[in-house]
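Everything below concerns the one structure shown next.
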Amino acid sequence: MSSEPSADSALPTRALFGALIGGMWIAGLYVAEPLVGSFAIVTVAEGIIVRSPGWLSTAAIDLLGFYATPMLVAGVIGGIVGLTALLAVVRPIGSDAGAPVAIVAASASLLLFFGAGEAFSIGLLGGVVVATVPPYLVVRGRPLVRPPGGWETKSRRQFLERIGGVSLAVIVSLVGLRALFDRLLGRQPSERVREPLERSVSVPEGDSQFDFDGMPKAVTEPGEHYVVDINVRPPIVDPETWTLDVEGAVEAPYSLSYDELVTHEESIEQTTTMLCISNQVGGELIGTGHWVGVQLSDLVEAAGPVDGAVSVVTHAADGYDEAIPLDLVEREDILIAYGMGDRTLATEHGFPARLLVPGRYGMKMTKWIDRIEIRNERHEAYWAERGWDDAAIVNTMSYVRGVERDGDRVTVGGVAFGGLETGIEEIAAVEVSVDGGETWAEAELEDQIAAHAWRRWRYEFDDPATGEFEVVVRAIRSDGTVQTEAETSPRPSGATGWHRRIIGPD
Ligand SMILES: Nc1nc2c(c(=O)[nH]1)N[C@H]1C(S)=C(S)[C@@H](COP(=O)(O)O)O[C@H]1N2
Ligand SMILES: [Mo]
């Protein structure tokens, strides 16, 4: 019996083989994406996100942060592979099972494609074939990689070499096939190149005294700005067909084309710090961009909101939305941004355009915006619906970032920021302790590079011991309010508490 390729008795071997079949099916689905129009695994994950109740997605995000989405995709893949492994344990699959496996794979692919909302087409049929062939070949090809002496004998170099060779050949052909499909079908799976803007832009330099080991630059490089969104992959928007529609409770709804937006004569530049509401005290989900765009007030006024209009809802290509009160739009610093630095937006930061609401958490700043809707009633938006603070004004915050030693001389530094709604409550001072909070001193602040940009701070002191010390930092507003020491979790209104960091001995 053990000489029969279809009757391997060891459960782990069966499970592994089942998992391999599942994995190959997923690989086939991926290769088929350009033919079908979507990668079914991502569509399934996105379907789960959209259909899951608010409390569940919120719990997942509480637990996993905004990385919940990629984890979900990994979960879907793991689930499928686990299921095929289980099936193979229950019902051993031998090399004679090619036809049944192909039938199951083909039907499952069809179900998935239709479930993902794809219409029947030649491409879809091609996709079914492409997704079915890899698992079929794995089953049929099993004897090829059968180790001499049966599956149960291990550590055979020949066997491993063969497995390695076959895997490599399979991976190379799948990757090649995918590239070929992308090419033939003219799809660009990759992100757009950021193009230079047709205007000169001047990005603030910052004070070089604040550029030391571990310190962020005054303005974050666009490629280094953090990225957070609900998508598995960012929507790729075609600027040729994209329009920004301004509509709803207005006298004169209209649409702007991409060209009309980027050549808008009222375009302005603005350096703005953005911070994700899910960021932990001291976390990395913060960056300062130099944005180029048009004031939202210009765009909204041009449509003439009717009396009684109260809310401005921004809608995006990924189904995301955000709402801000119409009153707020009078602020001149709320932008529809189309540039970052001297170039167009990167795909992941919202190309072709995004909202910027300075002083509010990043969740208010809708990326891939395609519709501005004025409404007569309030609207509960994506994150508010899931229990997060609707106003999302950035809490007064300060983080420790850099440290530099020069003999006994030590310089520590970081950033401080807080939402300002009126411009009078700006960060006036940063206090720092290098003994864990026993004694405090005032740090040096970098000149304000923009109204809604973070302030970098630094503090120099002598440490003859060059030992370990604990830095604690707190910011103070111009009205005297001291950043609260009380620690709260990011949900629902953003984390609070003083950032502490232990700096090791030299
Ligand atoms: N369309 C869309 N816009 C979005 C999001 C999103 O998921 N979809 N995420 C928001 C959140 S939570 C944050 S913190 C910021 C992050 O912007 P960035 O990725 O450019 O840093 O985008 C916001 N805008
Ligand atoms: Mo966020």
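Among the residues of the range 65-109, those identified as closer than 30 Å to Leu285 by Cα and of a type in the set (A, V, I, L, M, F, W, C) are Phe66, Ala68, Met71, Leu72, Val73, Ala74, Val76, Ile77. Of the numbered criteria (1) among the aromatic types (Phe, Trp, Tyr); (2) within 30 Å of Ser493 (Cα to Cα); (3) modelled with pLDDT of 90 or more, the one Tyr67 fails is (3). Going by the structure shown, is Ile230 within 16 Å of ligand 1 (Cβ to nearest atom) and of a type outside the set (Asp, Glu)? Taking the combined requirement at face value, the residue satisfies it.
Only one entry in Ala450, Ala486 is assigned to a loop (DSSP other than H, G, I, E, B), modelled with pLDDT of 95 or more and of a type in the set (Gly, Ala, Ser), namely Ala486.
For the range 199-290, list the strands (runs of 3 or more DSSP E) that sit wholly inside it and hold at least 3 residues that are within 15 Å of ligand 2 (Cβ to nearest atom) and under 27 Å from the mean Cα position of the chain (by Cα); which are they?
So the answer is 268-275.
Note on the range 462-483: residues that are over 22 Å from Asp447 (Cβ atoms), part of a strand (DSSP E or B) and among the hydrophobic types (A, V, I, L, M, F, W, C) total 4. Set side by side, the residues Ala302, Ala316 differ, and just one is among the hydrophobic types (A, V, I, L, M, F, W, C), more than 16 Å from Pro358 (Cα to Cα), within 16 Å of ligand 2 (Cβ to nearest atom) and in contact (Cβ under 8 Å) with a residue 12 or more places away in the chain, which is Ala316.
In the range 100-115, of all residues being of a type in the set (Gly, Ala, Ser) and either over 14 Å from Val130 (Cβ atoms) or surrounded by fewer than 21 Cβ atoms within 10 Å (Cβ to Cβ) (or both), the one that is nearest to the chain's Cα centre (by Cα) corresponds to Gly115. The single residue among Gly282, Gly206, Gly248 that is of a type outside the set (A, V, I, L, M, F, W, C), buried (at least 16 other Cβ atoms within 10 Å of the Cβ), under 30 Å from Met71 (Cβ atoms) and more than 15 Å from ligand 1 (Cβ to nearest atom) turns out to be Gly282. Within the range 1-58, being among the aliphatic types (A, V, I, L, M), at pLDDT below 80 and either on the phi > 0 side of the Ramachandran plot or more than 23 Å from the chain's Cα centre (by Cα) (or both) holds for Met1, Ala7.
The values are calculated or read from the model by the stated rules, or taken from the named source; none is laboratory data. Every value quoted in this text rests on a predicted model; they were computed, and no experiment measured them. Because the Cβ atoms are built from the backbone with ideal geometry, glycine has one as well, and the counts that use them run over all protein chains shown.
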